[in-house]
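Here it is, the structure in full.
The values are calculated or read from the model by the stated rules, or taken from the named source; none is laboratory data. What you are looking at is a predicted structure, and each value in this text was computed from that prediction instead of being measured. Cβ placement follows ideal geometry from the backbone for every residue including glycine, while neighbour counts extend to all protein chains displayed. These accessible areas exclude ligands, DNA and RNA; they are computed on the full protein's heavy atoms, side chains included. Shrake-Rupley method; radii C 1.70, N 1.55, O 1.52, S 1.80 Å.
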Amino acid sequence: MPEVKTPLWEVFIRSRNGLAHKHVGSVHAADATLALQAARDVYTRRGEGLSVWVVPSSAITASDPADKDMLFEPTASKIYRHPTFYEVPEEVGNM
Amino acid sequence: MPTTSITLDETPLVLHLLRRADDALILGHRLSEWTGHAPTLEEELALANMALDLIGQARLLYAYAGSLAGHDEDQLAYLRDARAWRNCLLVELPNGDFAQTILRIVLFSAFMDPCWQATTRSADPTLAAIAAKAEKEVAYHLRHSAEWLIRLGDGTEESHRRAEAALDALWPYSGELFEADAADQAMIDAGIAPDPATLRGTWDATLADVLARATLARPGDTWMQTGGRTGRHTEHLGYLLADLQYLQRAYPGATW
């Protein structure tokens, strides 16, 4: 397998204090320092962020799309897991 | 808008502003030449971002200089002949290869970063405000270009050879950054601009650190190129200005 000189990195940006970092895309870079700079240069040009994370794409373990039905289909019928399923009595007031 | 070249009454302050502004616009123009040609998409945006930072700095400086000299920023950019440009020779040289492009940003930003930092304390409040904005931008230019130079110098045999060649080619143009003539001295005495001699230590330390990590040897003391600050330029500036000024020269006053 040929050596990958500029591997892929996933980019996460936190737009405001108090919010979570959100995945925004990916960049190619030789190492973590340059990946962080590339992420800054590509994804924060319009004031999108206060903080940037980069993670080697190879470090991410992903679910298999073929397992979609097995993993996620069963939850579709469990509507009682949503809080809106329950009627809150008037007397409780705002929760 | 006048259709022919303008001449300026260059008071020491106007001259100082033009020297800063012309450096920024010409280097910004050079970096913009990479758009569509950069080695990777990521670096293309990085170079374009730096170009836009520099052109933005130039606009603020031209607007201020123009308010003192009776011209607008476009006239200062588009209607001065090469002999009226006050940028240092370093910024007008062609981009060369990627190593030379990066090294130029290192040499220039290692000077401008402490220069803008010191200028935030300028006795001139307008210039101090411009410096406060520019300093943050140039600090990133220095960080980005230095990280690249370290990887080029300490990279492959070819990247080291190219970084070394760039250093040899551009080093004689670094001395002009530290020049100070009578007009500069007037600005220094008035507390408007920092004395470039006081920035030398920071520049030397930055270069020593980056070059060491890049496994590049600092060139020995050599004869330094000069002339840009008084309008004696290389032939390259003329070609650059032909590109930059073509539209306003061919269609005076054109807007869109």
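Would you mind telling me which numbered condition in (1) farther than 30 Å from A:Thr6 by Cβ; (2) touching a residue at least 24 places away in the same chain (Cβ under 8 Å); (3) more than 14 Å from the chain's Cα centre (by Cα) B:Asn87 fails?
Of everything listed in (1) farther than 30 Å from A:Thr6 by Cβ; (2) touching a residue at least 24 places away in the same chain (Cβ under 8 Å); (3) more than 14 Å from the chain's Cα centre (by Cα), B:Asn87 misses just condition (3).
Next up: Among the residues of the stretch B:15-68, how many are more than 17 Å from the chain's Cα centre (by Cα) and farther than 23 Å from B:Trp116 by Cα?
11
Residues of the stretch A:44-73 being open to solvent by 60 Å² or more (accessible area, probe 1.4 Å) and either within 14 Å of chain B (Cβ to nearest Cβ) or under 19 Å from B:Glu43 (Cα atoms) (or both), which ones? First the steps, then the outcome.
First, the residues of the stretch A:44-73 that are open to solvent by 60 Å² or more (accessible area, probe 1.4 Å): A:45-48, A:50, A:53, A:58-66, A:68-73.
Of everything in the stretch A:44-73, those that are open to solvent by 60 Å² or more (accessible area, probe 1.4 Å) and either within 14 Å of chain B (Cβ to nearest Cβ) or under 19 Å from B:Glu43 (Cα atoms) (or both) turn out to be A:Arg45, A:Arg46, A:Gly47, A:Glu48, A:Trp53.
B:Arg143: within 14 Å of another protein chain (Cβ to nearest Cβ), in a helix (DSSP H, G or I), open to solvent by 40 Å² or more (accessible area, probe 1.4 Å) and more than 24 Å from B:Glu179 (Cα to Cα), yes or no?
yes
Among the residues of the stretch B:170-190, write down those that are in a loop (DSSP other than H, G, I, E, B) and within 19 Å of the chain's Cα centre (by Cα).
If the condition is that a residue be in a loop (DSSP other than H, G, I, E, B) and within 19 Å of the chain's Cα centre (by Cα), then B:Ser174, B:Glu179, B:Ala180, B:Asp181 are the ones that fit.
Report, by residue number, each residue of the stretch B:150-169 that is away from every other protein chain (no Cβ under 12 Å) and either open to solvent by less than 20 Å² (accessible area, probe 1.4 Å) or not in a helix (DSSP H, G or I) (or both). Before you say what the answer is, go through the steps one by one.
Filtering the stretch B:150-169 for residues away from every other protein chain (no Cβ under 12 Å) gives B:153, B:157-158, B:160-169.
Once the filter is applied, which keeps residues that are away from every other protein chain (no Cβ under 12 Å) and either open to solvent by less than 20 Å² (accessible area, probe 1.4 Å) or not in a helix (DSSP H, G or I) (or both), the stretch B:150-169 yields B:Gly153, B:Ala163, B:Ala166, B:Leu167.
Are any residues in the stretch A:1-23 over 18 Å from B:Pro39 (Cβ atoms), among the hydrophobic types (A, V, I, L, M, F, W, C) and open to solvent by 70 Å² or more (accessible area, probe 1.4 Å), and if so, which ones?
If the condition is that a residue be over 18 Å from B:Pro39 (Cβ atoms), among the hydrophobic types (A, V, I, L, M, F, W, C) and open to solvent by 70 Å² or more (accessible area, probe 1.4 Å), then A:Met1, A:Leu19, A:Ala20 are the ones that fit.
Among the residues of the stretch A:13-28 satisfying the criterion of being touching a Leu at 6+ places or on another chain (Cβ under 8 Å) and within 14 Å of chain B (Cβ to nearest Cβ), which is farthest from A:Ser51 (Cα to Cα)?
Once the filter is applied, the top-ranked residue is A:His28.
Let me ask another. Just need a number here: residues in the stretch B:145-182 that are in contact (Cβ under 8 Å) with a residue 60 or more places away in the chain, farther than 29 Å from B:Leu13 by Cα and acidic (Asp, Glu).
Residues meeting the conditions: 1.
Would you call B:Thr126 in contact (Cβ under 8 Å) with a residue 12 or more places away in the chain, farther than 30 Å from B:Gln248 by Cα and open to solvent by 40 Å² or more (accessible area, probe 1.4 Å)?
Values: in contact (Cβ under 8 Å) with a residue 12 or more places away in the chain: yes; farther than 30 Å from B:Gln248 by Cα: no; open to solvent by 40 Å² or more (accessible area, probe 1.4 Å): yes.
Against the criterion (in contact (Cβ under 8 Å) with a residue 12 or more places away in the chain, farther than 30 Å from B:Gln248 by Cα and open to solvent by 40 Å² or more (accessible area, probe 1.4 Å)), B:Thr126 does not qualify.
Would you point out the residue of the stretch B:191-228, among those that are closer than 30 Å to B:Leu127 by Cβ and out of contact with any helix residue (DSSP H, G or I) (no Cβ under 8 Å at 6 or more places or on another chain), that is most open to solvent (accessible area, probe 1.4 Å)?
Step one: of the stretch B:191-228, the residues closer than 30 Å to B:Leu127 by Cβ are B:191-210, B:224-228.
From the residues that got through so far, the ones that are out of contact with any helix residue (DSSP H, G or I) (no Cβ under 8 Å at 6 or more places or on another chain) too are B:191, B:201, B:204-205, B:208-209.
Numbers: B:Gly191: 34, B:Gly201: 50, B:Asp204: 47, B:Ala205: 59, B:Ala208: 58, B:Asp209: 75 Å².
Within the stretch B:191-228, the match that is most open to solvent (accessible area, probe 1.4 Å) is B:Asp209.
Here's a follow-up. Determine if the stretch B:41-49 includes at least one residue that is touching a residue at least 40 places away in the same chain (Cβ under 8 Å) and under 24 Å from B:Asp204 (Cα atoms).
No - not one qualifying residue is present in the stretch B:41-49.
Within the stretch B:183-203, work out how many residues are under 17 Å from B:Glu10 (Cα atoms) and without any contact (Cβ under 8 Å) to a residue 60 or more places away in the chain.
Filtering the stretch B:183-203 for residues under 17 Å from B:Glu10 (Cα atoms) gives B:183-188, B:190, B:192-193.
Retained after the next criterion (residues that are without any contact (Cβ under 8 Å) to a residue 60 or more places away in the chain): B:185, B:188.
Within the stretch B:183-203, residues that are under 17 Å from B:Glu10 (Cα atoms) and without any contact (Cβ under 8 Å) to a residue 60 or more places away in the chain number 2.
Still on this structure, I have one more. Within the stretch B:79-89, does at least one residue satisfy the condition of being touching a Phe, Trp or Tyr at 6+ places or on another chain (Cβ under 8 Å) and either under 18 Å from B:Pro172 (Cβ atoms) or not hydrophobic (A, V, I, L, M, F, W, C) (or both)?
yes
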